1. Please verify whether residue 145 is assigned to a loop (DSSP other than H, G, I, E, B) and at pLDDT 90 or above, treating the condition exactly as stated.
2. Against the definition (more than 17 Å from residue 142 (Cβ to Cβ) and of a type in the set (Lys, Arg)), how does residue 58 come out, yes or no?
3. Does segment 78-101 hold any residues that are buried (at least 18 other Cβ atoms within 10 Å of the Cβ) and modelled with pLDDT of 90 or more, and which are they?
4. Kindly establish whether residue 158 is part of a strand (DSSP E or B) and either at pLDDT below 95 or under 19 Å from residue 117 (Cβ atoms) (or both).
5. Go through (1) exposed (fewer than 15 other Cβ atoms within 10 Å of the Cβ); (2) in contact with an Asp or Glu (Cβ under 6 Å, 6 or more places away or on another chain) for residue 148 and report which single condition fails.
6. Do you know which residues across segment 156-180 are surrounded by 16 or more Cβ atoms within 10 Å (Cβ to Cβ) and charged (D, E, K, R)?
7. Can you tell me which condition residue 109 does not meet? The list is (1) over 16 Å from the mean Cα position of the chain (by Cα); (2) more than 23 Å from residue 172 (Cβ to Cβ); (3) at pLDDT 85 or above, and all the others hold.
8. Please list, ordered by first then second residue, the pairs with beta carbon atoms under 6 Å, 6 or more apart or interchain, first in segment 155-178 and farther than 26 Å from residue 30 by Cα and touching a residue at least 60 places away in the same chain (Cβ under 8 Å), second part of a strand (DSSP E or B) and of a type in the set (Phe, Trp, Tyr).
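The values are calculated or read from the model by the stated rules, or taken from the named source; none is laboratory data. Everything numeric in this text was worked out from a predicted model, so none of it was measured. In this analysis, Cβ positions are derived from the backbone assuming ideal geometry, glycine residues included, and neighbour counts consider all displayed protein chains.
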Amino acid sequence: MLQRIRDWLGRAENPVDGAAKPPAGIVVTLPREQEGVLRARLEAPMKTDEVFRDLLGRARDIVKIFSPYVDPTFTSLAEAARAPIRIVTTVREGRIKSNPVLERLSTMRPVSVRYLHEKRGGSQMFQLHAKMILCDRAAAYVGSANFTDTSLRYNLELGLYIEEGGVIADLHRLFDHVFDCEAVPMRT
């Protein structure tokens, strides 16, 4: 797979197949060896960790996040936040009832954590897989990256940076419904 990505990134600047360059709203994480090639081929691609830090730091009213995986990397990103953070996440291990990183962070900063994960009769029905950050009513990231070191530095991750008001409003309505009606403060 990485070789195919290298081949795509290494194509001539004017592709023979007539494909247009990706739009400027693309947010990426690539393995370090791909970084230089990518910057040469795309017009100002945004780096995932920089977009996350910017969205957290820019918000004045609220930051809303969907992310199934959160590790201590999130703590350093959350230091940039001035606004309260609401996050919906999940846990997989049966013995763990909550995410210790987020629960600890919520004792130091205005962070509200909810969990989306349902089992019935010992079978997993669903869990959170979405990845999204909403910054006030101004901007959003929707993509594949979690708040983990692996997603922000080593995986191939792809997302979109959005400032379109109608899309942002719909994302807020979706998040609010899940946070208020579907997710729970601690997994039972």
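1. The answer is yes for residue 145.
2. Taking the combined requirement at face value, the residue does not satisfy it.
3. 78, 81, 85, 86, 87, 88, 89
4. In short, yes.
5. Among (1) exposed (fewer than 15 other Cβ atoms within 10 Å of the Cβ); (2) in contact with an Asp or Glu (Cβ under 6 Å, 6 or more places away or on another chain), the lone unmet condition for residue 148 is (1).
6. Answer for segment 156-180, where residues must be surrounded by 16 or more Cβ atoms within 10 Å (Cβ to Cβ) and charged (D, E, K, R): just 157.
7. Exception for residue 109: condition (2).
8. Pairs that qualify, where the first residue is farther than 26 Å from residue 30 by Cα and touching a residue at least 60 places away in the same chain (Cβ under 8 Å) and the partner is part of a strand (DSSP E or B) and of a type in the set (Phe, Trp, Tyr): there are none.
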